[in-house]
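Encoded as structure tokens, the structure appears first; notes follow it.
The values are calculated or read from the model by the stated rules, or taken from the named source; none is laboratory data. Just so it is clear, the structure is predicted and the values come from calculations on it, not from any experiment. Cβ coordinates were reconstructed from backbone atoms using ideal geometry, including for glycine residues, and neighbour counts include every protein chain displayed. Heavy atoms of the whole protein, side chains included, go into the accessibility calculation; ligands, DNA and RNA do not. Shrake-Rupley method; radii C 1.70, N 1.55, O 1.52, S 1.80 Å.
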Amino acid sequence: MNKETIEITNKYLMKTYNRLPLSFERGEGAYLFDEDGNKYLDFVAGIAVNSIGYHNKNFIKVVSEQLGKICHSSNLYHIKQQSLLAKKLVQWSGLDKAFFCNSGAEANEAALKLARKYGYSKNKNNNCSKIIAMKNSFHGRTLGALSLTGQEKYQKAFKPLVSSMEYAQFNNLESVEELIDSSTCAVIIECIQGEGGVIPATKEFYEGVRKLCNKYNALMIVDEVQTGIARCGKYFCFQNFESKPDIICLAKALGGGIPIGAIVSSEKASACFEPGDHASTFGGNYIATCAALAVLSEIENNNLDKNAGVMGKYLTDELNKLKPLIKEVRGIGLMIGVQMDNPPSDIIKKCEEKGLLLIGAGTNTIRFVPPLIIDKTHIDEAVNIFKEALVEYSIKQQEK
Ligand SMILES: *Cc1c(COP(=O)(O)O)cnc(C)c1O
């Protein structure tokens, strides 16, 4: 199966991934087709990236027309699509200003630097540089983003990391309160810890962090790289809570598969960046920003935010019917985690053989992050396959 691709991969690519023996040729809606023409229902969506589904006609039209004009000019000049995208994200979020980069890790780097500059701006020294991140978080692989990622397994081979990072317990407000003080420039959280196992923040925790940040004049950063862009039933997951953060970090679904990252922040924070403080050659170029504009208009025109909410509820209800084959269902909108008792790789593999793509997260969690265009028939198909795989797996376990 796709043997030639696999051979070339193994010979020429650094082994930074344990890849499944699959290689895709094209997609259509919520389905992918591999090099042998086999069809898969895709509940991974390129890891929460392909939210408008595959082969979206408007997206293809907008991006290919842009390719015929200009791809890149650098940020020495104004880029109309970048400005329009900033305007749209500001309208969506109720925040004030945007900055564009190329990935989720880079978005977190930008947030980190903006937070440090915010701290610096207070007294024109580096005494307000502490950043509080959460244990079991995930913020990306560059050294700054890795320093925010409170998981020893990702950090241990790469120390020393960026200094003045401290880690509190997610959903434990007291642990944040213990660490926060006047030397703190920011606290960063995810609304739902994604890679960490699809663990939603409680209302008390989210609002409590907001209050603590206000009290200590620190910025509240929410990493919405996975939760943002309508996945959780609202344009941004933070909109499921009451108050706004100071900075949100975006990437994954923003460009519909074209690499782009962004931060959007309040004026209070964004005013700290001056020319020369931060930059990216590719950041916000014509292709990336016109792709993102196309994604956002598809979401608006088809109410994909609402669809994510409604379908998320339906998927949650259907998955809950599979108890006791599964332990727990967690999540918001179409970011759903199914808690298992054991490592789920065998079940994920069985699903793949039956034509359903799923992905693991955290400890013993299976993640469902389908395109936001799905309807009930896709969910029924997915849950049926998942159930079959669970039943076969449990029979096999009993035989052991
Ligand atoms: C995926 C992810 C990142 C990293 O994004 P990259 O584009 O891989 O750098 C950061 N934060 C969260 C919450 C993510 O899910």
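Quick notes on this structure:
- Among (1) farther than 19 Å from Ala45 by Cβ; (2) part of a loop (DSSP other than H, G, I, E, B); (3) touching a residue at least 40 places away in the same chain (Cβ under 8 Å) - the single one Asp341 does not satisfy: (3)
- Filtered by the rule that a residue be away from the ligand (no atom under 14 Å from the Cβ), open to solvent by 10 Å² or more (accessible area, probe 1.4 Å) and under 28 Å from the mean Cα position of the chain (by Cα), the stretch 114-140 gives Arg116, Lys117, Tyr118, Ser129, Lys130, Lys135.
- Some residue of the stretch 64-78 being in a strand (DSSP E or B) and of a type in the set (Ser, Thr, Tyr): no
- Matching residues in the stretch 344-372 - criterion: being among the aliphatic types (A, V, I, L, M), assigned to a strand (DSSP E or B) and under 16 Å from Val198 (Cβ atoms): Ile359, Ala361, Ile366
Per-residue answers, yes or no, for (1) touching a strand residue (DSSP E or B) at 6+ places or on another chain (Cβ under 6 Å); (2) open to solvent by 10 Å² or more (accessible area, probe 1.4 Å); (3) acidic (Asp, Glu); (4) free of Cβ contacts under 8 Å to residues at least 12 places away in the same chain:
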site: Cys249; (1), (2), (3), (4): yes, no, no, no
site: Leu254; (1), (2), (3), (4): no, no, no, no
site: Ala262; (1), (2), (3), (4): yes, no, no, no
site: Ala269; (1), (2), (3), (4): yes, no, no, no
site: Pro275; (1), (2), (3), (4): no, yes, no, yes
site: His278; (1), (2), (3), (4): no, yes, no, no
site: Gly284; (1), (2), (3), (4): yes, no, no, no
site: Ala291; (1), (2), (3), (4): no, no, no, no
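- Scan the stretch 96-116 for residues that are out of contact with any helix residue (DSSP H, G or I) (no Cβ under 8 Å at 6 or more places or on another chain) and part of a loop (DSSP other than H, G, I, E, B) and the total you get is 1.
- Residue within the stretch 45-52 that is open to solvent by less than 70 Å² (accessible area, probe 1.4 Å), within 14 Å of Ala291 (Cβ to Cβ) and more than 16 Å from the chain's Cα centre (by Cα) present: no
- Residue within the stretch 220-234 that is touching a helix residue (DSSP H, G or I) at 6+ places or on another chain (Cβ under 8 Å), more than 26 Å from Asn102 (Cα to Cα) and away from the ligand (no atom under 12 Å from the Cβ) present: no
- When Gly68 is tested against (1) closer than 25 Å to Ser103 by Cβ; (2) open to solvent by 20 Å² or more (accessible area, probe 1.4 Å), just one condition goes unmet, and that condition is (1).
- All positions within the stretch 269-322 that are outside any loop (DSSP other than H, G, I, E, B), touching a helix residue (DSSP H, G or I) at 6+ places or on another chain (Cβ under 8 Å) and of a type in the set (Gly, Ala, Ser): Ala269, Ser270, Ala288, Ala291, Ala292, Ala294, Ser297
- Asn108 open to solvent by 20 Å² or more (accessible area, probe 1.4 Å), within 16 Å of the ligand (Cβ to nearest atom) and under 25 Å from the mean Cα position of the chain (by Cα): no
- Unique match (being open to solvent by 30 Å² or more (accessible area, probe 1.4 Å) and within 18 Å of the chain's Cα centre (by Cα)) among Ile336, Ile299, Ile373, Ile366: Ile373
- Of the residues making up the stretch 160-177, one or more are assigned to a strand (DSSP E or B) and more than 16 Å from the ligand (Cβ to nearest atom).
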